[in-house]
């Protein structure tokens, strides 16, 4: 890209924070309305009982847990990818990291609501917290659901920290440009940042520690989510491959979500000069690798089950390969492999549009994958007498809440980009002037030079 | 040594009359969910009689198998419950504490027998069934899991009675509703840790088998069946 002056970068990246169009407000209101509808659906479910959802015996988990795994999976877009790129010192990452980290924080928050939404008695969800109570019992640490509770909270805390740390200099930058009430808020958020060499040094150190710490946490989170299934003696769940399979799938869907988010930001915030084709191409290559890895995992899972020929496993396997779930299964293979593989493997197609098409396929395919892991196994569990009689179908309550979470993601993302520069301003500048990196003095990074907040 | 409650069900005696199913409903205040919900697979029946048909009409054989919670010694439902609503008692039962249950339904997914039932709505009874609720058994509200308890209220009542009379519990004194109502005496209940008890004696029979033994759940329920169940004509 053409070298831009720090002032131009400031103007371009802070523009969304300073002006709000009517179109923005209308779109925001639209998504907000869907979120409200989902809230009402949840209230209806609390009022009448969980029976208003489509779950039944023995398919006790349906759309809610599918969404849970899907959103926790999407959350692997950000923090994990950003941390790896930071540690590898991949310089092209600079405009990408923050949009990625934001996906993590929001997707994780949305995903974490589903274990509460799906409860029979959601008003008692706080019983999962280990706190001294008059009941005199602690939560059961043997339960994978409790591991989930701790893993997700750890990851959320880590991701929020990881997101907030590099925002401090940008908060200071906005603070110096803001007026009145906004100035007060951004002053508080910038934590007295003045841009002294000592502060830069501490920020860099903290970022480095967080980048290293957050990678094992991210891997553990989706391993534990997979163990929600793998720990139960259910055909096709009880498998050793589940933890790495889920982690790979999570990163796969995460990158796809990141590409879609970046393309939308590029279009709506006019960031054509910041989010470049090279970023999409590089992420597209990563997506290609994950697509192959996903295919490898599915093949090894299914091939071993097939050759093992264990009756209860074969029942579920054939139900998805050839039975009533086969249309969904082959759609999944189509979306996760047959669409992205040729698009991303051929350089000519690896354009922004190509990457977005592949990514939309992957997001749909990965949602189906989670559904196909959960529902068929529960429908055909051992004793034929106890197989599901009326197949699981979601009701309007589940559909509304599902739609609401997608709307919530868009809404939160829109609000975030309205209040915080979606591209890390100081990191971009540091990349534009490589000589300034390391020698972190204030003069190249204007946030620091002014306004000593004492 | 603590008692280990167990049951033996003689499939060669079972006629499939379902008296046990009716008795279980009446004893344990099991809610009726209505046609619509039952069609969705939400009916609650702690005890079911599974029917398996063999052969083509008119040469059909029907085989009956009463199945209730197997009270597994290594129960998959227990470790997965985050709130200890599902737990193991000293007397070998899989306890279910309704008040602790928050309704994750994880226990039910883990159960290989699909013998755990969920209250999708608040319980209700068609009239006049509401007049025959058993005061010894709590009714369950919306969002909690329930299952066969081996009629734990009867076990407790007998234990208290025996203690009051300062005597040991006699073999066969505790009889769950299903055992009591079985006209062919296909079901026997008792302490497996007492080698002289009828249930322990029958459990040692060479006709003894367990349901889904390969899953490794160590059920406390033993089924007795002749070879005829496996296809041979005579025994």
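Tabulated values for the structure
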| item | result |
| --- | --- |
| Criterion (farther than 30 Å from residue A:422 by Cα, touching a residue at least 12 places away in the same chain (Cβ under 8 Å) and not in a helix (DSSP H, G or I)) met by exactly one of A:312, A:324, A:300, A:377 | A:324 |
| Meets criteria (within 14 Å of chain B (Cβ to nearest Cβ) and either buried (at least 24 other Cβ atoms within 10 Å of the Cβ) or assigned to a helix (DSSP H, G or I) (or both)) for residue A:55 | yes |
| From the options B:96, B:132, B:161, residue that is more than 29 Å from residue A:47 (Cβ to Cβ) and either in contact (Cβ under 8 Å) with a residue 24 or more places away in the chain or buried (at least 20 other Cβ atoms within 10 Å of the Cβ) (or both) | B:132 |
| Looking only at region B:83-93, and only at residues there that are more than 7 Å from chain A (Cβ to nearest Cβ) and within 28 Å of residue A:64 (Cα to Cα), the one that is surrounded by the most Cβ atoms within 10 Å (Cβ to Cβ) | B:86 |
| Of all residues making up region A:271-293, the number that are free of Cβ contacts under 8 Å to residues at least 60 places away in the same chain and buried (at least 18 other Cβ atoms within 10 Å of the Cβ) | 2 |
| Checklist (1) more than 8 Å from every other protein chain (Cβ to nearest Cβ); (2) surrounded by fewer than 23 Cβ atoms within 10 Å (Cβ to Cβ) applied to residue B:69, failing item | (2) |
| Residue in region A:100-117 that is more than 11 Å from chain B (Cβ to nearest Cβ), surrounded by 18 or more Cβ atoms within 10 Å (Cβ to Cβ), touching a helix residue (DSSP H, G or I) at 6+ places or on another chain (Cβ under 8 Å) and part of a loop (DSSP other than H, G, I, E, B) present | no |
| Residue satisfying condition, being surrounded by fewer than 24 Cβ atoms within 10 Å (Cβ to Cβ), within 28 Å of residue A:17 (Cβ to Cβ) and under 19 Å from the mean Cα position of the chain (by Cα), within set A:255, A:260 | A:260 |
| Residue list for region B:105-142, restricted to those being in a loop (DSSP other than H, G, I, E, B), touching a helix residue (DSSP H, G or I) at 6+ places or on another chain (Cβ under 6 Å) and within 14 Å of another protein chain (Cβ to nearest Cβ) | B:111, B:112, B:114, B:116, B:120, B:121, B:140 |
| Index of the failed condition, residue A:238 passing every other in (1) within 14 Å of another protein chain (Cβ to nearest Cβ); (2) under 20 Å from residue A:104 (Cα atoms) | (2) |
| Of residues in region A:118-150 being touching a residue at least 60 places away in the same chain (Cβ under 8 Å) and assigned to a helix (DSSP H, G or I), the one nearest to the other protein chains (Cβ to nearest Cβ) | A:145 |
| Flag if residue A:206 is within 28 Å of residue A:75 (Cα to Cα), within 14 Å of another protein chain (Cβ to nearest Cβ), modelled with pLDDT of 90 or more and touching a helix residue (DSSP H, G or I) at 6+ places or on another chain (Cβ under 9 Å) | no |
| Entirely in region A:151-234, the helices (runs of 4 or more DSSP H) that have 2 or more residues that are touching a residue at least 40 places away in the same chain (Cβ under 8 Å) and within 25 Å of residue A:83 (Cα to Cα) | A:168-177, A:197-230 |
| Checking residue B:59 against (1) outside any strand (DSSP E or B); (2) loosely packed, with under 15 Cβ neighbours inside 10 Å; (3) within 11 Å of chain A (Cβ to nearest Cβ), the condition it does not meet | (3) |
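The values are calculated or read from the model by the stated rules, or taken from the named source; none is laboratory data. This one's a predicted model, so the numbers in the text were calculated from it and none came from an experiment. So basically every Cβ, Gly included, is an ideal-geometry build from the backbone, and we count neighbours across all protein chains shown.
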